[in-house]
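Scroll down for the structure; my scribbles are underneath it.
The values are calculated or read from the model by the stated rules, or taken from the named source; none is laboratory data. A quick note: this is a predicted structure, and the numbers were derived from the prediction, not measured. In this analysis, Cβ positions are derived from the backbone assuming ideal geometry, glycine residues included, and neighbour counts consider all displayed protein chains. Just the protein is used for accessible areas: all its heavy atoms, side chains included, with ligands, DNA and RNA removed. Shrake-Rupley method; radii C 1.70, N 1.55, O 1.52, S 1.80 Å.
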Amino acid sequence: MDIVINPSSEVPIYSQIVTQISSQIINGTLKPGEKLPAIRQISNQLRISVIPVKMAWEELDKQGFIKTVAGSGTFVNILKKSEIQEKIEEKVVNLAKKICHEAKKNGISKEHLIKSLEEQWEIDI
């Protein structure tokens, strides 16, 4: 498990953790049933308070990515392919919302945004 925190980011630390862990679960880096390190261990490793790690674990549990078993630890949830696809689509829709908000805030027209998206779609990323 690899987590990189950017303390100067506008994104809260717990949210950075949620994004990175959920991405690692979706792309298969973290395997279903895999045991995750303890909250205190992660906070020590990242040199941060336990609070944002605890908040991240609560959010990941709420989203269905992890499951905590009392006395045993926290594990990557076993998700069906359809559940993984649903989470990927949800992630993309959330990114689209952020892009639209940023475009509107900065006066970029819908037509220009759509044209830019179409151009990006054609680029082999």
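Taking θ = phi - 60°, what integer Hz values does the Karplus form 6.51 cos²θ - 1.76 cosθ + 1.60 yield along region 13-18, in sequence order, with x for Gly and Pro?
So the Karplus estimates, Gly and Pro as x, are 4, 4, 5, 4, 5, 4 Hz.
Of Glu59, Glu89, Glu111, which is the most mobile in a GNM of the chain whose springs link Cα atoms less than 10 angstrom apart?
Glu111
Quote to one decimal, in nm, the extra length available between His112 and Ile5 on full extension: 0.36 nm per residue of separation minus the C-alpha distance between them.
Net length gain for the segment: 35.2 nm.
Most fluctuating residue of Ile114, Ile78, Ile42 in a GNM of the chain with Cα springs under 10 Å: which is it?
Ile114
For a 18 Å ceiling on Cα separation, which of these pairs sit above it: Lys31/Lys67; Lys62/Lys91; Lys67/Lys98; Lys62/Lys98; Lys35/Lys67?
Listed pairs above 18 Å: Lys67/Lys98; Lys62/Lys98.
Residues with amide H under 5 Å of Leu30's amide H, sequence separation 5 or more or different chain, H placed in the peptide plane at 1.01 Å from N; which?
So Leu30 has HN proximity to Ile25.
Quick one: compute the contact order of the chain, relative version, from alpha carbon pairs under 8 angstrom and 6+ residues apart, as a percent.
Contact order relative to length: 22 percent.
If you put +1 on each Lys and Arg Cβ and -1 on each Asp and Glu Cβ, how big is the dipole of region 71-125 around its Cα centre, in Debye rounded to 20?
Around 320 debye, computed over region 71-125.
In the chain, what percent of the accessible surface is made up of carbon and sulfur (1.4 Å probe, ligands and nucleic acids excluded)?
Whole-percent figure for carbon plus sulfur exposure: 56.
When ligands, DNA and RNA are left out and all protein chains stay put, how many square angstrom of accessible area per residue does the chain have with a 1.4 Å probe?
Accessible area per residue: 73 Å².
Roughly how many nanometres apart are two label points built 7 Å out from the Cα toward the Cβ at Glu34 and Lys80?
Placing both labels 7 Å beyond Cα along the Cβ direction yields 2.4 nm.
Looking only at Ser49, Ser82, Ser109, which one moves most when the chain is put into a Gaussian network model with springs between Cα atoms under 10 Å?
Of Ser49, Ser82, Ser109, the most mobile in the Gaussian network model is Ser109.
Give, as ranges by residue number, the residues of region 93-125 whose backbone N falls under 11 Å from the point 7 Å along Cα→Cβ of Ile26.
93-96
State to the nearest 20 debye the size of the charge dipole of region 5-125 about its Cα centre, where the only charges are +1 on K and R beta carbons and -1 on D and E beta carbons.
With Lys and Arg at +1 and Asp and Glu at -1, about 480 debye.
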